[in-house]
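S.K.: There's a structure below that I have some questions on.
The values are calculated or read from the model by the stated rules, or taken from the named source; none is laboratory data. None of these values were measured; they are calculated from a predicted model. Here the Cβ positions follow ideal geometry from the backbone for every residue, glycine too, while neighbour counts run over all protein chains shown.
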Amino acid sequence: MDKLLIEGGQRLMGEVAVSGAKNAALPILCASLLSAEPVTFTNVPQLKDVSTLLALLAQMGVKAERDGGTVTLDASGLTNAVAPYEMVKTMRASILVLGPLAARCGQASVSLPGGCAIGARPVDQHIKGLQAMGATVGIEHGYVHVSGSRLKGARLVTDMVTVTGTENLMMAACLADGETVIENAACEPEVVDLADCLCAMGAKIAGAGSDVIRVQGVSRLHGARHRIMPDRIETGTYLCAAAVTGGQVRLTGTQPSSLDAVIGKLSVAGCAVRCEADSIHIEAPKKLTAVSLRTAPYPAFPTDMQAQFMALNCVASGAATIRETIFENRFMHAVELQRLGADIHIDGNTAMVRGVDSLQGATVMATDLRASAGLVIAGLVAEGATTIERIYHLDRGYECLDEKLIALGAKVRRVK
Ligand code: UD1
């Protein structure tokens, strides 16, 4: 298993290009299942999660052509509406095939993802929504089996804001008979990007980006070309990395408007952040000020940036509280950060972080994607060497992480 060796203490300086968004690419690639015509996607990040999804689509009979960041998917020969456990267990986002398959094929068998490192993460809202649209849904031998004729438009009210739940139901509604209204919908920019792609394919969707999405079902979707939006979590991660090292970094090819909450907190921490149309420049102070935050659905502070800000608070002046309201077990990085000398006290869903003068390098274990990003940030500012084990988590979601950090002046080495 690969490890990442980081020699801390280098100020990050320079420019880095942001990749396409993992959390937009995954649902958007699944949208290809809704059409019998080829769909071309550009700015697709080269990530483990993307390869996993492409393998899943391939075993369903979807033909793929990939040339760097351009991927063309042709689901005209869709033969097998099954997502097996072996693939779903490595990537929960595989559940995003459920809505498109139910809509296009009228039947699907998709493995239940099960729990994961950050919480239980059930998919009951996805299932409840499809049932409300007239599908017959049963759970047998760990699989969700969907059957029925054409889905019918319905009013869907989710019990909580769910990103992939909203995406699955919005995709299913595209080919349903009549109007579907999704209330309490997720407002995440990735939902808007998916809606833009679906509209380019001929879907009729209004309200994406608000908490009420209206979809007028159509009988078929056609081919299209769509560019995946920039990754706001990757952007935020490099902003934090620049901040903790007292650096000066410019992120290009990004979407500053999708990062208001993150940029707001970095400013409170003492960073000077300047946004242009598609770039963000950050200049960090010598010493950061600790920032308290509470994670919540967009446009509030994203749970996917919580670990990175915990790392930042570890070396800031003062104390801060971090409240995690989305996932029940998302403080796994805290114990690893403590091994680097961080002062963190956890009480339920709240972490109290008191800044220390310095962290010391040690061997730490990556537990999930964003927890790993928090450990990388801590390693960049720790004294001496930090070894991060199990970095396959990082490869799931950060394109060329080591290369990009090295280009900014970090001393980082991947060991096979
Ligand atoms: C997506 C993101 C993930 C991010 C998360 C929250 C993708 C591929 N992943 O995950 O990076 O951290 O949003 O912003 O886009 N829930 C239920 N029942 C359901 C669905 C969700 O109880 O049917 C709960 C979850 O357990 C969680 C909360 O709702 O506590 C929000 O989860 P959700 O928005 O669905 O997360 P994902 O879409 O899985």
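S.K.: Name the residues in the stretch 169-195 that are acidic (Asp, Glu) and part of a loop (DSSP other than H, G, I, E, B), would you? Break it down into steps so the answer makes sense when it comes.
M.R.: To start, the set of residues in the stretch 169-195 that are acidic (Asp, Glu) comprises 177, 179, 183, 188, 190, 193.
The answer is Glu188, and nothing else.
S.K.: Specify which of the listed residues (Ala173, Ala186) is in contact with a Leu (Cβ under 8 Å, 6 or more places away or on another chain) and modelled with pLDDT of 95 or more. Give the derivation first.
M.R.: Details: Ala186 fails: in contact with a Leu (Cβ under 8 Å, 6 or more places away or on another chain).
Criteria check complete, one pass: Ala173.
S.K.: Of the residues that sit in the stretch 1-56 and are among the basic types (Lys, Arg) and within 15 Å of the ligand (Cβ to nearest atom), which one is modelled with the highest pLDDT?
M.R.: Taking the stretch 1-56 first, the residues among the basic types (Lys, Arg) are 3, 11, 22, 48.
Of the ones still in play, those that are also within 15 Å of the ligand (Cβ to nearest atom) are 22, 48.
Working: Lys22: 97, Lys48: 92.
Filtering the stretch 1-56 for residues that are among the basic types (Lys, Arg) and within 15 Å of the ligand (Cβ to nearest atom), the one modelled with the highest pLDDT comes out as Lys22.
S.K.: Follow-up. Of the residues Gly202, Gly223, which single one is surrounded by fewer than 21 Cβ atoms within 10 Å (Cβ to Cβ) and either in contact with a Leu (Cβ under 9 Å, 6 or more places away or on another chain) or closer than 22 Å to Arg323 by Cα (or both)? Lay out the reasoning, then the answer.
M.R.: On the way: Gly223 fails: either in contact with a Leu (Cβ under 9 Å, 6 or more places away or on another chain) or closer than 22 Å to Arg323 by Cα (or both).
Exactly one of Gly202, Gly223 is surrounded by fewer than 21 Cβ atoms within 10 Å (Cβ to Cβ) and either in contact with a Leu (Cβ under 9 Å, 6 or more places away or on another chain) or closer than 22 Å to Arg323 by Cα (or both), namely Gly202.
S.K.: I'd like to know if the stretch 270-289 contains one or more residues that are buried (at least 23 other Cβ atoms within 10 Å of the Cβ), among the charged types (D, E, K, R) and within 21 Å of Gly374 (Cβ to Cβ).
M.R.: Scanning the stretch 270-289, I find no residue that is buried (at least 23 other Cβ atoms within 10 Å of the Cβ), among the charged types (D, E, K, R) and within 21 Å of Gly374 (Cβ to Cβ), so the answer is no.
S.K.: Here's a follow-up. Kindly establish whether Arg413 is farther than 14 Å from Gly341 by Cα, among the basic types (Lys, Arg), in contact with a helix residue (DSSP H, G or I) (Cβ under 8 Å, 6 or more places away or on another chain) and at pLDDT 95 or above. Quick ask: steps written out before the conclusion?
M.R.: Numbers: farther than 14 Å from Gly341 by Cα: yes; among the basic types (Lys, Arg): yes; in contact with a helix residue (DSSP H, G or I) (Cβ under 8 Å, 6 or more places away or on another chain): yes; at pLDDT 95 or above: yes.
Spelling it out, Arg413 is indeed farther than 14 Å from Gly341 by Cα, among the basic types (Lys, Arg), in contact with a helix residue (DSSP H, G or I) (Cβ under 8 Å, 6 or more places away or on another chain) and at pLDDT 95 or above.
S.K.: Moving on to the next point. So if I check each of Ala24, Ala64, Ala58, which one is in contact (Cβ under 8 Å) with a residue 40 or more places away in the chain and not in a loop (DSSP other than H, G, I, E, B)?
M.R.: Working: Ala64 fails: in contact (Cβ under 8 Å) with a residue 40 or more places away in the chain; Ala58 fails: in contact (Cβ under 8 Å) with a residue 40 or more places away in the chain.
It is Ala24.
S.K.: Note down all Cβ pairs under 6 Å where the first residue falls in the stretch 226-246 and is closer than 30 Å to Val39 by Cβ, the second is acidic (Asp, Glu), and they're at least six residues apart or on different chains.
M.R.: Met229/Asp193; Ile233/Asp304
S.K.: Just one of the numbered conditions (1) crowded, with 24+ Cβ neighbours inside 10 Å; (2) in contact (Cβ under 8 Å) with a residue 40 or more places away in the chain; (3) more than 23 Å from Ser149 (Cβ to Cβ); (4) not basic (Lys, Arg) is not true of Cys187; which one?
M.R.: With (1) crowded, with 24+ Cβ neighbours inside 10 Å; (2) in contact (Cβ under 8 Å) with a residue 40 or more places away in the chain; (3) more than 23 Å from Ser149 (Cβ to Cβ); (4) not basic (Lys, Arg) applied to Cys187, the lone miss is (1).
S.K.: Considering the stretch 103-144 alone, what residues qualify as being surrounded by 17 or more Cβ atoms within 10 Å (Cβ to Cβ) and in a strand (DSSP E or B)?
M.R.: Within the stretch 103-144, Ala108, Ser109, Val110, Ser111, Val137, Tyr143, Val144 meet the criteria.
S.K.: Let me ask another. Within the stretch 302-319, identify whether any single residue is charged (D, E, K, R) and closer than 21 Å to Pro230 by Cβ, and answer yes or no. Even if it seems obvious, please write down each step before you answer.
M.R.: Applying the first criterion (charged (D, E, K, R)) to the stretch 302-319 yields 304.
Pick out the ones that are also closer than 21 Å to Pro230 by Cβ and you get 304.
Scanning the stretch 302-319 turns up at least one residue that is charged (D, E, K, R) and closer than 21 Å to Pro230 by Cβ.
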